[in-house]
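Chemist: Handing you a structure now.
Each value in this text was obtained by applying a stated rule to the coordinates, not by laboratory testing. What you are looking at is a predicted structure, and each value in this text was computed from that prediction instead of being measured. Cβ: placed from backbone, ideal geometry, glycine included. Neighbour counts: every protein chain shown.
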Amino acid sequence: MKRLLLLAVIMLAAWFSYREIAGSGDAGVASERVVIPKGASMRAAAESLAVHDVIGSPRLFRWYTAAAGRERTIKPGTYQFPAGASYAFVLDALVTGRGLVRTVVIPEGFDLRDIVPALSKALAVPQDSVRVAVTDTTWRRTLSVPAESLEGYLFPATYAFADGTTAREAVQVMLERFASVWTPEWDARVRAMAITRHDALTMASIVEKEARKPEERALISAVYWNRVKKGMLLQADPTVQYALPQHVDRVFYKDLEVESKYNTYKYAGLPPGPIASPGAASIAAALAPADVPYLFFVARADGGHEFRTTFAEHQQAIADIKRAKRQGTR
């Protein structure tokens, strides 16, 4: 009887080990991402895989890799494994790097001149492939984008793309993120303000580039919307920077002569489209400007701004800031 019981236990253990090694076959659900640091041992990799439920037994996995003679050939990086993957699948991914995830960070305020090379590098695809994707006519028509590109619609975030992801697939993911962030409340505000979503994103992108302090976003939005309502030139430096062929950190008087519809020192109203990818806070500010009469603002040394209603007050604020700067350097 004891012998039969022992045999049953051995057979049961063998069965569970087989199921563990073979996997469940349910590869339809993705597990959490797993990071394998450079120089990590197979023991460390196995422990990390177990913590993220990719495998059940770190020890059994190490035995399997040792038996396969591949325990010292894993590649570091971030991986995404399907749930229920077999040991053979997991080990092959670690050895070949097939499961590696390519991560790219798109900060708020990035424009296509930043995004295109960032995606190109992360995906290991030509920049021209990315440019084609971000100017896709079908997407622009679907999203009712009147501009020549998807500038402003590629939502800033950290993205993890599976190895082999194409530029078009990556852009689609970024557009889907934008769609998921945009709220029904924002649609209501667009209707209430009698503007388009494109207008809102254009304003939000300017706010994103101008604001250095979060609490000033709604004030900056108010200044520019007030100017739009009065038919004034926006005179927004970031739009001039966008219009220039090369990025400049500071706008000089000669730069104000650039011929472009994005040059808001020459053309009244909003520019043709966004000048960068705005974050949610800047979009919200564009759709809920502060209830203030300000028409001007000037930057202080600390990154904040002084807001004024009249040009005379604005000139005085500029003089005060220059005087404070001179006194501070003495």
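Chemist: Quick one: length gained pulling GLN327 to LYS229 fully straight, 0.36 nm per residue minus the C-alpha distance?
Modeler: Net length gain for the segment: 31.5 nm.
Chemist: How much FRET efficiency would the formula 1/(1 + (r/R0)^6) give for ALA162 and ASP187, where r is the Cβ-Cβ distance and R0 is 25 Å, rounded to 0.05?
Modeler: Efficiency for this residue pair is about 0.20.
Chemist: So what's the net charge close to ALA192: Lys and Arg +1, Asp and Glu -1, counting the other residues with Cβ under 15 Å from its Cβ?
Modeler: So the surrounding residues net to 0.
Chemist: So what's the net charge close to ALA299: Lys and Arg +1, Asp and Glu -1, counting the other residues with Cβ under 14 Å from its Cβ?
Modeler: +1
Chemist: Using only DSSP helix segments of four residues or longer, with each worth -39500 (n - 2.57), what per-residue ellipticity at 222 nm results for the chain after dividing by its residue count and rounding to 500?
Modeler: -15000 deg cm²/dmol
Chemist: Let me ask something else about it. Need one number: nm distance between label points at SER41 and THR78, each 7 Å from Cα along Cα→Cβ, rounded to one decimal.
Modeler: Going by the 7 Å Cα→Cβ label model, 2.7 nm.
Chemist: Please tell me the relative contact order of region 184-292 in percent, rounded to the nearest whole number, where contacts are Cα pairs under 8 Å and at least six residues apart.
Modeler: Over region 184-292, the number comes to 42 percent.
Chemist: Given a Förster radius of 56 Å and the C-beta distance between ASP302 and VAL95 as r, what FRET efficiency does 1/(1 + (r/R0)^6) yield to the nearest 0.05?
Modeler: After rounding to 0.05, the efficiency reads 0.60.
Chemist: While we're looking at this one, here's another question. What percent does the relative contact order of the chain come to when contacts are Cα pairs within less than 8 Å and at least six residues apart?
Modeler: Relative contact order of the chain: 14 percent.
Chemist: Straight-line reach from LYS38: which lysines have a Cα under 18 Å away, not including same-chain ones fewer than 8 places off?
Modeler: Correct list for LYS38: LYS75.
Chemist: Between rounded, prolate and oblate, where does region 161-282 land on the alpha carbon gyration tensor, with a ≥ b ≥ c its root eigenvalues, rounded for a/c under 1.5, else prolate if a/b exceeds b/c?
Modeler: oblate
Chemist: Under 17 Å Cα to Cα from LYS121, which aspartates and glutamates show up? Leave out anything in the same chain fewer than 8 places away.
Modeler: ASP111, ASP163, GLU169
Chemist: Now for a different question. In the neighborhood of ALA133, defined by Cβ-to-Cβ distances under 14 Å, what is the net charge if each Lys or Arg adds +1 and each Asp or Glu adds -1?
Modeler: Once all neighbours under 14 Å are counted, the net charge is -3.
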